[in-house]
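Q: Here you go, one structure.
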Amino acid sequence: MRIILLGPPGAGKGTQAVRLAEKLAVPHISTGDILRRNVAKKTKLGLQAQPYIATGKLVPDDLVIEMTAKRLKENDARKGFILDGFPRTLAQANALEDLTEIDVVVNLFLDPEDLVKRSTGRQVCPNCEAVYHVLTNPPRKTGVCDKCGSDLVQREDDKEEVVRTRITTYEQLTEPLCMYYKEKALLRDVYASGHIEEIFERILEALRR
Ligand code: AMP
């Protein structure tokens with residue numbers, strides 16, 4: 001299945017995308033993860049993207065479209081994929097149409113204040129990219145990754161001020177995509193409050209609909 005996960009920062013896209021990818025045995029393609037890897041390695045793309053990411057703005061369309069097109073051409077994406085964090089603008093959605101078919105768009109939604117709480121409590125593993133939350137999904141040992149034992153960190157762009165900018169950016173540029181995919185009869189809305197397992201079940205149910 002070729003699935004897009006839409007939703008504001010803090011809705012739990014990444015966490016659910018990892019589970020869904022495992023369950024459906026397809027790759028999890030997160031443009032945020034790919035960009036952060038490029039930033040860490042100081043590639044040309046990483047250096048170009050870094051100031052946008054750090055301030056909660058969107059990286060320019062042409063850079064992200066080219067990067068995603070390349071990733072979708074890799075062999076493993078032939079059997080399907082979970083696209084997490086792309087498209088984020090109408091220009092990206094239009095470009096995606098030329099790249100591949102999409103089967104379903106899952107739209108995770110939540111109250112705006114919950115989004116801030118969710119994002120600011122997130123902790124990530126800088127080594128294996130596992131994602132935790134101090135309240136809803138804590139690691140077994142405080143501040144340490146369950147999977148690889150590295151010290152967890154807060155993402156630079158999960159500071160409250162940047163989170164608020166990311167939410168505004170989402171509302172202005174990405175939310176219109178809900179209507180875009182609704183008109184194509186691809187959109188499935190899923191309420192993203194509650195336990196991780198519960199939300200995952202709602203997503204599976206939405207895919208069966
Ligand atoms: P994410 O991990 O999906 O929250 O993405 C983190 C940051 O990477 C975003 O705030 C943007 O700065 C950048 N980013 C990720 N995906 C995209 C995209 N499709 N278009 C533009 N910028 C993106």
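Q: Yes or no: region 19-42 includes at least one residue that is under 18 Å from GLN172 (Cα atoms), among the aliphatic types (A, V, I, L, M), touching a Phe, Trp or Tyr at 6+ places or on another chain (Cβ under 7 Å) and surrounded by 17 or more Cβ atoms within 10 Å (Cβ to Cβ). Lay out the reasoning, then the answer.
A: Step one: filter region 19-42 for residues under 18 Å from GLN172 (Cα atoms), giving none.
No, every residue in region 19-42 fails to be under 18 Å from GLN172 (Cα atoms), among the aliphatic types (A, V, I, L, M), touching a Phe, Trp or Tyr at 6+ places or on another chain (Cβ under 7 Å) and surrounded by 17 or more Cβ atoms within 10 Å (Cβ to Cβ).
Q: Name every residue in region 94-129 that is open to solvent by less than 50 Å² (accessible area, probe 1.4 Å), more than 15 Å from the chain's Cα centre (by Cα) and aliphatic (A, V, I, L, M), in order of residue number.
A: Passing the criteria: ALA95, LEU96, ILE102, VAL104, VAL116.
Q: Continuing with the same structure: Mind listing whichever residues of region 147-202 are of a type in the set (A, V, I, L, M), surrounded by fewer than 19 Cβ atoms within 10 Å (Cβ to Cβ) and closer than 17 Å to TYR132 by Cβ?
A: Result: VAL153, ILE196.
Q: In region 130-146, what residues are among the hydrophobic types (A, V, I, L, M, F, W, C) and either surrounded by 14 or more Cβ atoms within 10 Å (Cβ to Cβ) or not in a loop (DSSP other than H, G, I, E, B) (or both)?
A: Going through region 130-146, the residues among the hydrophobic types (A, V, I, L, M, F, W, C) turn out to be 130-131, 134-135, 144-145.
Listed by number, the residues that qualify are ALA130, VAL131, VAL134, VAL144, CYS145.
Q: So which pairs qualify, if the first residue must be in region 152-169 and of a type in the set (Ser, Thr, Tyr), the second must be surrounded by 20 or more Cβ atoms within 10 Å (Cβ to Cβ), the Cβ gap must be under 8 Å, and the two must be at least 6 apart or on different chains?
A: Hits for this filter: THR165/GLY56; THR169/GLY56.
Q: Identify the single condition in (1) within 13 Å of the ligand (Cβ to nearest atom); (2) closer than 24 Å to LYS23 by Cα; (3) of a type in the set (A, V, I, L, M) that ILE167 does not satisfy, given that it satisfies every other one.
A: Condition (2) is where ILE167 drops out.
Q: Give, as residue ranges, the strands (runs of 3 or more DSSP E) completely inside region 9-125 that count at least 3 residues that are within 13 Å of the ligand (Cβ to nearest atom) and touching a residue at least 60 places away in the same chain (Cβ under 8 Å).
A: Details: elements: 28-30, 81-84, 104-109, 122-124.
Filter on region 9-125 gives 81-84.
Matching residues to (1) modelled with pLDDT of 95 or more; (2) out of contact with any helix residue (DSSP H, G or I) (no Cβ under 6 Å at 6 or more places or on another chain):
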residue	(1), (2)
ILE65	yes, no
ALA77	yes, yes
THR89	yes, no
VAL134	no, yes
GLN154	no, yes
GLU160	no, no
THR165	no, yes
THR174	yes, yes
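Q: Return yes or no: is LEU5 closer than 10 Å to GLY85 by Cβ, crowded, with 22+ Cβ neighbours inside 10 Å, under 9 Å from the mean Cα position of the chain (by Cα) and not small (Gly, Ala, Ser)?
A: yes
The values are calculated or read from the model by the stated rules, or taken from the named source; none is laboratory data. Since the model is a prediction, treat every value here as computed from it, not as a measurement. All Cβ positions, glycine included, derive from the backbone under ideal geometry; neighbour counts span all protein chains shown. Just the protein is used for accessible areas: all its heavy atoms, side chains included, with ligands, DNA and RNA removed. Shrake-Rupley method; radii C 1.70, N 1.55, O 1.52, S 1.80 Å.
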